[in-house]
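Below is one structure, written out as structure tokens; the observations come after it.
The values are calculated or read from the model by the stated rules, or taken from the named source; none is laboratory data. Given the structure is predicted, the values throughout are model-derived calculations rather than measurements. Neighbour counts run over all protein chains shown; Cβ positions are idealised from the backbone, glycine included. Just the protein is used for accessible areas: all its heavy atoms, side chains included, with ligands, DNA and RNA removed. Shrake-Rupley method; radii C 1.70, N 1.55, O 1.52, S 1.80 Å.
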Amino acid sequence: MKTQRISEVVFKAMARSLSLEENCFLSQCGEQATPQPRFNFYPKCGGPGLVLGLKPHADGSAIAIVLQDKNVEGLQLLKDNQWFKAPIIPEALLINVGDQVEISSNGMFKSPVHRVVTNSKRNRISVSVFYGPETDKEIKPFDRLVDNSRPRLYKKVKNYCDICFQYYQQGKRPIDAAKLPL
Ligand SMILES: O=C(O)CCC(=O)C(=O)O
Ligand SMILES: [Fe+2]
């Protein structure tokens, strides 16, 4: 899977959709940004209403490219306090916006909270490839997206993923630590 190329196309398209210079997300990430793949296996589970495959979280990366199981659904996204199922579209790649794109786009793109539920009859697999900035790169809202009508919403962050795990364990959202008081 040529995920590097896909990430470039997606980052450029997101920049153009905000009328920004097309390399802005890519240059924030830097040249050495390495993909972080994760292979997920969710065993079938006798109590699917009681046990989650992956608890609610938002991805800490800039984007994630997800190849979902072709036959077993499970991914759900939170919108207006309701969980919505991600449909199965065989061979399709799902692109998820992560916290670091929410920060650099000053909230124009939202990093959705999502979870994975278990299935009582079938195992499920998925592959996520996370793209984010190289170590020590500073991420902050693009100046072009900050003005009087849209104030700066987030502080600068660095090595953001380091705090993500800690927040995840505590059931908190790391992006809340980056929010500026309104
Ligand atoms: O299994 C999935 O469909 C999504 C996995 C996910 O959210 C993640 O790896 O962060
Ligand atoms: Fe995720």
- Query: If only one of Ser111, Ser128 is part of a strand (DSSP E or B), of a type in the set (Gly, Ala, Ser) and at pLDDT 95 or above, which one is it?
  - Reply: Ser128
- Item | So Ile103, is it under 13 Å from the mean Cα position of the chain (by Cα), surrounded by 18 or more Cβ atoms within 10 Å (Cβ to Cβ) and in contact (Cβ under 8 Å) with a residue 40 or more places away in the chain | yes
- Members of the stretch 107-125 that are more than 9 Å from ligand 1 (Cβ to nearest atom) and touching a residue at least 60 places away in the same chain (Cβ under 8 Å): Met108, Phe109, Ser111, Val113, Val117, Thr118, Asn119, Ser120, Lys121, Arg122, Asn123
- For the stretch 29-38, does any single residue satisfy the condition of being under 18 Å from Asp143 (Cβ atoms) and either touching a residue at least 60 places away in the same chain (Cβ under 8 Å) or not basic (Lys, Arg) (or both)? yes
- Note: among Asp176, Asp143, just one is more than 16 Å from Val97 (Cβ to Cβ) and either aromatic (Phe, Trp, Tyr) or more than 17 Å from the chain's Cα centre (by Cα) (or both), namely Asp143
- Can you find a residue in the stretch 77-87 that is over 30 Å from Arg150 (Cβ atoms), more than 10 Å from ligand 1 (Cβ to nearest atom) and either exposed (fewer than 13 other Cβ atoms within 10 Å of the Cβ) or of a type in the set (Ser, Thr, Tyr) (or both)? yes
- Query: When you look at Lys2, is it open to solvent by 60 Å² or more (accessible area, probe 1.4 Å), over 22 Å from Ile175 (Cα atoms) and touching a residue at least 12 places away in the same chain (Cβ under 8 Å), yes or no?
  - Reply: no
- Message: Can you find, within the stretch 129-167, the residue that is farthest from Ser27 (Cα to Cα) among those that are crowded, with 19+ Cβ neighbours inside 10 Å and within 16 Å of ligand 2 (Cβ to nearest atom)?
- Response: Cys164
- Note on the structure: Given (1) closer than 24 Å to Pro181 by Cα; (2) away from ligand 1 (no atom under 14 Å from the Cβ), Glu91 misses just (1)
- Within the stretch 42-76, residues assigned to a loop (DSSP other than H, G, I, E, B), among the small types (Gly, Ala, Ser) and either within 9 Å of ligand 1 (Cβ to nearest atom) or under 16 Å from the mean Cα position of the chain (by Cα) (or both) come out as Ala58, Gly60, Ser61, Ala62, Gly74
- Kindly list, by first and then second residue, each pair from a residue in the stretch 126-149 that is in contact (Cβ under 8 Å) with a residue 60 or more places away in the chain to a residue that is of a type in the set (Val, Ile, Thr) and within 16 Å of ligand 2 (Cβ to nearest atom), limited to pairs with Cβ atoms under 7 Å and residues at least 6 apart or on different chains. Ser126/Val66; Ser128/Val66; Val129/Thr3; Val129/Ile65; Tyr131/Ile63
